[in-house]
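Q: I am attaching a structure below and will ask some questions about it afterwards.
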Amino acid sequence: MTVATSVKLSDETGAKLERLAARTGRSKSYYLREAVETHIDQLVRDYELLETAQNVRAGRERTYSLAEVEDILDLGD
């Protein structure tokens, strides 16, 4: 399944995309799809990390010290 969407690009980015597509013979859609698929997982991870950090600061998520982790995993000397 595919999902159709539209994006508005700055004139500068649109021109770069046009030049790239013309130079390579590939479609603009191809490069937009490649850009999204290449970066979407990293963006999702970034926002999940931000949410976790906010939860920690707000006291909604527990943190563990190194000593606690070592005890939990039985990694002591």
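Every number in this text was worked out from the coordinates using simple rules, so none of it is lab data. Bear in mind the structure is a predicted one, so any value in this text is a computation, not a measurement. When we count neighbours, we look across all protein chains shown, and the Cβ atoms used for this are built from the backbone with ideal geometry, even at glycine.
Q: Once the piece of chain linking Gln54 and Glu12 is laid out straight, how much longer is it, given 0.36 nm per residue of separation minus the C-alpha distance between them? Intermediate results must be reported in sequence, preceding the final value.
A: Details: separation 42, 0.36 × 42 = 15.12 nm, distance 3.49 nm.
Value of the extension gain: 11.6 nm.
Q: How far apart, in nanometres, would the label points at Thr24 and Met1 be if each is projected 7 angstrom from Cα along the Cα-to-Cβ direction?
A: Result for the modelled spin labels: 2.8 nm.
Q: Please find, in a Gaussian network model of the chain (springs between Cα atoms separated by less than 10 Å), the residue of Ala21, Ala67, Ala53 whose mean-square fluctuation is greatest.
A: Per the Cα network of the chain with a 10 Å cutoff, Ala67 tops the list.
Q: Note down, for the stretch 26-69, the three equivalent ellipsoid semi-axes (square root of 5 times each alpha carbon gyration tensor eigenvalue), biggest first, whole angstrom. The partial results should precede the final answer.
A: Details: eigenvalues 275, 26, 4 Å².
Whole-Å semi-axes of the equivalent ellipsoid: 37, 11, 4.
Q: Something else now. Taking Rh as the Kirkwood radius computed over C-alpha pairs, what is the Stokes-Einstein D of the chain at 4 °C in a medium of viscosity 1.567 mPa s, expressed in µm² per second?
A: Values: Rh = 16.8 Å.
Once the numbers are plugged in, D ends up at 77 µm²/s.
Q: Dipole of the chain (Lys/Arg Cβ +1, Asp/Glu Cβ -1, origin at the Cα centre): which of Leu66, Gly14, Asn55 lies farthest to the positive side?
A: Final value for the positive-end residue is Gly14.
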